[in-house]
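Q: Pasting a structure below so you can have a look.
The values are calculated or read from the model by the stated rules, or taken from the named source; none is laboratory data. If you're wondering where the values come from, they're calculated on a predicted model, not measured in any experiment. Here the Cβ is made from the backbone with ideal geometry for all residues, glycine too, and neighbour counts use every protein chain on show. Side chains included, ligands, DNA and RNA excluded: accessible areas come from the protein's heavy atoms. Shrake-Rupley method; radii C 1.70, N 1.55, O 1.52, S 1.80 Å.
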Amino acid sequence: MLRFNHTFNVSANDVWAVIGQVDRVDWVPGVQQCVLEGDVRTLDLPGAGEIKERILHCDAQAFALTYQCIQSPIPLEHHEARMRLLALPGGGCELTWEADILPVAFEGFLKDSMAGALTQLIEIVAQAGAT
């Protein structure tokens, strides 16, 4: 299992405003477009293909999102990710982002993808907080 934690100096509502919009992709590197149909989002990665993810759980009150890759240009047996925000005393929040992937040979690729997305998410949340 891959796991990332990050503490934001903004509220969980502020971070959720980005990650809770399941068709918002400005914080995901390489994704040019997202189309949401029901509980399936299709992510367009120019030069790499399409990825389809099923949103399994999206709870704005609990700040929790779970999604599963159901179609990918790479041969995945399983991919499921969970994002959760925990409001902290003083107004900040902690993001926990976990993902399981099979075959494990793709863990490095997924880890790099998640790290890039987290970096971009931090920048977008910081920009939103500055306005």
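Q: Cβ-Cβ below 6 Å, separation at least six or inter-chain, first residue in segment 93-105 and more than 15 Å from C69 (Cβ to Cβ), second among the polar types (S, T, N, Q) and open to solvent by 30 Å² or more (accessible area, probe 1.4 Å): which pairs?
A: Note: pairs meeting the criteria are E94/T7; T96/N5.
Q: Next up: Considering only residues of segment 28-59 that are at pLDDT below 95 and assigned to a loop (DSSP other than H, G, I, E, B), which is most open to solvent (accessible area, probe 1.4 Å)?
A: Only one residue fits best here, namely Q32.
Q: Has segment 3-22 got at least one residue that is open to solvent by 80 Å² or more (accessible area, probe 1.4 Å) and of a type in the set (K, R)?
A: yes
Q: How many residues are out of contact with any helix residue (DSSP H, G or I) (no Cβ under 9 Å at 6 or more places or on another chain) and within 30 Å of P89 (Cβ to Cβ) when one looks only at segment 21-38?
A: Total meeting the criteria: 2.
Q: Now a separate question. For segment 60-95, which residues satisfy the criterion of being open to solvent by 30 Å² or more (accessible area, probe 1.4 Å) and assigned to a strand (DSSP E or B)?
A: Q68, I70, Q71, H78, E80, R82, R84, L86, A87, E94
Q: Which count do you get for residues in segment 10-27 that are among the basic types (K, R) and assigned to a helix (DSSP H, G or I)?
A: 0
Q: Now for a different question. Scan segment 68-88 and report the pairs whose first residue is closer than 16 Å to V40 by Cα and whose second residue is surrounded by 15 or more Cβ atoms within 10 Å (Cβ to Cβ) and among the small types (G, A, S), with Cβ atoms within less than 8 Å and a gap of 6+ or a chain change.
A: Q68/A81; H79/S72; H79/A99; E80/A99; A81/A99; R82/A64; R82/A99
Q: Determine which member of the set I55, I51 is touching an Asp or Glu at 6+ places or on another chain (Cβ under 6 Å) and among the β-branched types (V, I, T). Don't jump to the end; show me each part of the working.
A: On the way: I51 fails: touching an Asp or Glu at 6+ places or on another chain (Cβ under 6 Å).
None of the others qualify; the one that does is I55.
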